[in-house]
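What follows is a short report on a single structure.
What follows is calculated from the coordinates using simple rules that are stated; it is not laboratory data. Owing to the predicted nature of the structure, the values given are computational and were not obtained by experimental measurement. So basically every Cβ, Gly included, is an ideal-geometry build from the backbone, and we count neighbours across all protein chains shown.
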Amino acid sequence: MRNRDLTPSEKSQATFEPRIVAFFCNWCTYLAADLAGTSRMKYAPNVRVIRVMCSGRVDPQFVLDAFAHGADGVFIGGCHPGDCHYQEGNYKTLRRFHLLKRVLQQMGIEDERCRLEWISAAEAERVRSTINDMVEKVRALGPLDLIPTEEKVSAEEVAV
Amino acid sequence: MPEIPSSAIESSRERPRIGVYVCHCGTNIAGIVDVRAIVEFAAKLPGVVVSRDYKYMCSDPGQALIQQDIAEHHLNRVIVASCSPLLHEATFRRVLSRAGLNAFLLQMVNIREHVSWVHLNQREATEKTKDLVRAAVRRVSLHKPLQKRRVSINPHVLVVGGGIAGIHAALTLAEAGKQVYLVEREPTIGGHMAKFDKTFPTLDCAACILTPKMTAVGSHPRIHLWTYSEVVRVEGYVGNYKVKVRRKPRYVIEDLCLGCQECVTACVYKEAKNPDEFNLGLSKRKPVYLPFPQAVPQKVVIDPQTCIQFKSGKCKKTCVEACGDRKAIDFTQKETIEDIEVGTIILATGFKTFDPVRNPYYGYGRYANVYTSLEVERLINASGPTAGEIVLRDGGQPKAVGIIHCVGSRDANTNRWCSKVCCMYSLKLAHLIKERTGAEVYNFYIDMRTPGKGYEEFYDRLLDEGVHFVRGRVAEVSDWATHPSEKGRLVIRVEDTLAAFVRRIPVDMVVLSVGMEPQPDAQDVRRLFNISCSTEGWFLERHPKLAPVSTFTEGVYIAGACQGPKDIPDSVAQAGAAAAEAMALIDAQFVELEPYTAFISEDQCSGCKTCIPLCPYQAISYMEEKKKAAINEVLCKGCGTCVAGCPSGSIQQNFFEDEEIFEEIEGVLAYA
Amino acid sequence: MPEKPKVAFYWCASCGGCEEAVVDLAEAILDVIAAVDIVFWPVALDFKRKDVEAMPEGSILVSFVNGAIRTSEQAEMAHLLRSKSKLLVALGACAHLGGIPGLANLFDRESILKAVYLEAPSTVNPEGSLPTTHHKDDGHSVELPGFYNTVQALNQVVEVDYSVPGCPPTPRIFRTALQTLLGDELPAKGTVLAPDCALCDECPRKDSKPEQLSIVEFKRPQQLLIDEQKCLLAQGLLCMGPATRAGCEALCVRGNMPCSGCCGPTSRVKDQGAKILSSLASLVAGKEAAEIDRILATIPDPVGTFYRYSLPASLLHRKQLDRASLHEAAASK
């Protein structure tokens, strides 16, 4: 690659640390994240985990609210199909997720910013690798930056 | 159900007065997270009245500190930033209760498992902690006083699996006066242990110590023994499980069969022709048979796959004739489904042995004289196919025997784990083979693992007995002779890593010390009982150290080798522990459940019925008169799926209300 | 005789239906006129902006503003009426949530102007001229309103006291809202003046909805002969009723058409589209991704369906512009 000056957006990208909100099921992915801790695995510090009893509790509003409040990515972790602690909650998550992804696509939010993974209580390594992978992919996309700032509002108001 | 005192509701409605407590956990947290910075940060958050750190928040002085602050500063909300809530949430909730606050006005922040143990950079870890603490402060302000639900415990216990672990658990419970249903898939209980000849390191005969326990199970007035049966469905919740058990037809009416085996003698097959499962195919049995002489129950079983009556319908039925007036044989028997209600469940479904066909270089299945260790147990057993004489498949007596350790264990190509029992049973087999045949016995091992009472001493004894030990993983077993002394024998090729050269050792018999694996249907079984498995397939305990026989499903316990490789003493110890856990629950007569149930605001519900099919527990019903939905709190397990699905936001979940989660989301993101 | 309370009406980005809705009060409008003094109503009365500017701050009791905010002029008028009024009421779906004009938030200003002024088949514009805010002709210059990139609901531009939902608000909703506003006890600020329950509550087909609904296909109204008695969701039609505020007495459903969501969500919901999405997806049959996708594909335009009236008021407000092209544009400057 040629040496050249970085554009301002590239500069902000270089220092950009993605913010990712995660919703982890209490019985699988949350436990797997605990296990990653007890196993002293190391992973990127960009994810903030919110515990829910089941991935089925994850209201699509939560995902949109996270994006609206500055998240660059949202990660939902649930039990493997057939393994839901509450029998079938994760299937509802899966269905909602598929429709939500279509809405996000129409709204111009890239696919990699919203992720659903089935991670069992034993799969600490998948917590580590998924988080690292997602952080890198979202980093490559750059900030989503949905919080309205005065700057952005005035830019909106620029007339033709 | 106890009501929440109105004073508690009042105090929660007051303006939040929050205490934030940041734990150092020695250096576990403080080594990475700048605890002082967190305390100062938290002190400035809205509603925070007190913000402190302490070396070990969970210690008595740590707890006292919080309790004292609650009284002194009139705190009505508490944040503890420490380890995972799954570890100490209960501890700190008790602190709040002792201080007169409702226990659910607490929020834990997981800054050890989710922060300090997984990140290396102090600045990043501290920033993450700040976000999590901010979110907790915002969330806890909305917490409402809640009350745990009490459910009664049905005192009956289901034990699944009739090996030594299941037997011990069932007997312990029955002796304590509990009604026990013991369900075993095979026609007899006894499990793997019943197949063994002697047990290490004491060399007492397995049958001598097991059979009395089996008989005790069979005759115990409080044990309902259902062999040849499988659990097919489990519903309900802790204290109140509804279980369906399929009882397969054995074509013999158990109540009428006396176990005289006259039918076996009378069978039209004069000679036994079918491989005997109990002897691993080393002997034959007839279509009507008793699995082994000490089988419990002492009831024969008819195998419809091989019985002429089932195959052609044209048998002379000499067995029926022999049974005579007892009329125990019933070819029309059908499988039945039994419904039982129990409060607790103990899973002791055991293990399977590694199939050495997967390691073709050891020649199992190709060379007649390559045996698995379990087959050798049967060969050595006095009641085995050869009455305890070690006769090879080709009829000879071995002059040299090689025992290969770690087959299907400690092997990246098959199973990585150590099966824990193989070193010891290999030593036992070496001793027994040498004793019975005088053969030269070679042990090929990677490491000798003999930790256990009397185990190392047993190893010493074997060294004295002149058994050979070769350290090295065997490369190959073959019949390819390169020297006249190898002709017609099996040659073990191995690098002797102590002597540092490759050896060829000709033997007449090879014993493969096969490792332990999860049962092939472990995944189905764990789904049935709603528990988890480790990646390897072993049932997952609630905590590897502090809750080794509990699972993440309340009221379901695990014992024995279904949880991981273990020997008889460990299995029995776990079985006793599981029985004690079940009894603790039964004797308490009730259990408190988390109050995370969903509830519908009746005036807000439009009666759209969206939620009704979402509930897997049928906890939501439609009230025809009011045209609204209602949630039965007893049936609700608190997953929150209906809450997320309610299109008008009229269902909420205790402790996970929309607003609480929105505050948490916006809290973690509200960085400057 | 005490002075009658002053009332104003104004029309921003909307179709004019809400103005009709006021007239739809029929004879009841006479009572309104008798009870209040209308000081500003461009569609019906000849008051000018300067008349409003001349009024003292807070001298109007209620201003009813319908329509979304799409241009700088609309924003100015919203601010002006806000300062002159004690109560500012968003009237109808566009002011309340952004409404149908809010669907323009799936595009940006440039592409909209390009489509309308350059590319539309009916457009004749050989010089390719586009709207501007400054125009000079014959020595005269004129300042024109600017066209915003993003459509906003009224409360995203100025503080709004109450909203009257509906596209347009039915006479009953409007009448009830008026009574509330002119009454002695005002509801809490921000209240939407309609029942806080979803539409199923007052739907005549409520009883015909099965308790165990499992959706295998979504159908569009033209694809079937619609049973006039049976719940529309049970017939496979995408009805927004469960996620939409009641008050309209299920007018569309009575007309054998599914609810399209114009009254917006209940007060407990932040994002109407997300909620109907969640509830409908939960009821979809199938456990495999492919099967789920096959069923969901029968909803051709999720955003246009779930957010038909509420896109600007939704959590995401608008479609995100293609960041890659933005970066390029920034780099090229």
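Remarks
- Tensor-based shape of segment B:262-326 (alpha-carbon gyration tensor, a/c under 1.5 rounded, otherwise prolate or oblate): oblate
- The H on the amide N of A:Ile50, modeled in the peptide plane, is under 5 Å from the matching H of A:Ala22, A:Phe23, A:Phe24, each at least 5 residues off or on a different chain.
- Expected-Rg normalisation [2.2 N^0.38 Å, Cα atoms] applied to segment B:36-176: 1.40
- Modelled label reach - C:Ala289, point 7 Å along Cα→Cβ, segment A:103-117 residues with backbone N closer than 11 Å: A:116-117
- Full-stretch length increase - B:Glu335, B:Val391 - with 0.36 nm per residue and alpha-carbon distance subtracted: 16.1 nm
- Principal-axis tilt of helix B:455-464 within chain B, Cα atoms, nearest 10 degrees: 30 degrees
- For chain C, a crude dipole built from +1 on the beta carbon of Lys and Arg and -1 on the beta carbon of Asp and Glu, taken about the Cα centre, is about 640 debye to the nearest 20.
- Cα centre as origin, Lys/Arg/Asp/Glu Cβ charges: chain B dipole, Debye: 1000 debye
- Full extension of the segment from B:Arg98 to B:Lys148, taken as 0.36 nm per residue of separation minus the current Cα-Cα distance, would add 16.4 nm.
- Anchor B:Lys286: aspartates and glutamates whose Cα lies under 14 Å away (excluding residues fewer than 8 positions away in-chain): B:Glu262, B:Glu271, B:Asp276, B:Glu277, B:Asp303
- Between B:Cys260 and B:Gln179, the C-beta separation translates, for a Förster distance of 30 Å, into a calculated FRET efficiency of about 0.50.
- Enclosing the Cα atoms of segment A:35-154 in their convex hull gives a volume equal to 110 cubic angstrom per residue.
- A full extension of the chain between B:Arg473 and B:Gln589 corresponds to an added length of 36.3 nm, given 0.36 nm per residue minus the alpha carbon distance.
- Here C:Glu159 and C:Ser59 are evaluated by their C-beta separation; at R0 = 22 Å the FRET efficiency comes out at 0.80.
- Taking the C-alpha atoms only, the angle from helix B:164-175 to the longest principal axis of chain B is near 60 degrees.
- The distance linking segment C:42-81 with segment C:236-293 is 35 Å (Cα centroid to Cα centroid, whole angstrom).
- Peptide A:63-73 has a mean of 6 when you count, residue by residue, the C-beta atoms of other protein chains within 10 Å of its C-beta.
- Folded to 0 to 90 degrees: helix B:568-588 orientation relative to chain B principal axis, Cα: 40 degrees
- If R0 is 56 Å, the Cβ-Cβ spacing of C:Ile112 and B:Tyr361 corresponds to a FRET efficiency of close to 0.20.
- Filtered GluC sites (Glu not before Pro), segment C:1-88: DSSP coil and at most 15 other beta carbons within 10 Å: C:Glu3, C:Glu27, C:Glu57
- Subset of B:Lys273/B:Lys428; A:Lys92/A:Lys137; C:Lys50/C:Lys114; B:Lys248/B:Lys314; B:Lys213/B:Lys566; B:Lys242/B:Lys284 violating a 29 Å alpha-carbon distance limit: B:Lys273/B:Lys428; C:Lys50/C:Lys114; B:Lys242/B:Lys284
- Spin-label model distance (nm) - A:Glu17 vs C:Thr180, 7 Å beyond Cα toward Cβ: 4.6 nm
- Cα-based reach from C:Lys189 at 18 Å (exclusive), listing aspartates and glutamates while leaving out same-chain residues under 8 positions away: C:Glu159, C:Asp161
- Chymotrypsin sites (Phe, Trp or Tyr not before Pro) restricted to DSSP loop in segment B:404-504 with at most 16 other C-beta within 10 Å: B:Trp480
- The 3J(HN,Hα) values that the Karplus relation (6.51, -1.76, 1.60; θ = phi - 60°) gives for segment B:97-106 are, in residue order, 4, 4, 8, x, 9, 5, 4, 8, 8, 9 Hz. Gly and Pro appear as x.
- Summarising the label geometry, the points placed 7 Å from Cα in the beta-carbon direction at C:Gln229 and B:Leu635 lie 2.9 nm from one another.
- Charge dipole of segment B:6-148 (Cα centre as origin; +1 on each Lys and Arg Cβ, -1 on each Asp and Glu Cβ, all else neutral): 340 debye, rounded to the nearest 20.
- Nearby lysines by direct alpha-carbon distance to B:Lys487 (threshold 16 angstrom, same-chain neighbours under 8 apart not counted): B:Lys399
- A simple spin-label model places pseudo-atoms 7 Å from Cα toward Cβ; at C:Arg220 and B:Ser59 they are separated by 7.0 nm.
- For chain B, DSSP calls about 50 percent of its internal beta bridges antiparallel.
- Each of B:Asn632, C:Gly102, C:Ile299 was scored by the projection of its Cα onto the charge dipole of the protein assembly as shown, and the greatest displacement toward the positive side belongs to B:Asn632; charges sit on the C-beta of Lys, Arg, Asp and Glu.
- The spacing between segment B:611-652 and segment B:449-471, judged by their C-alpha centroids, is 63 Å.
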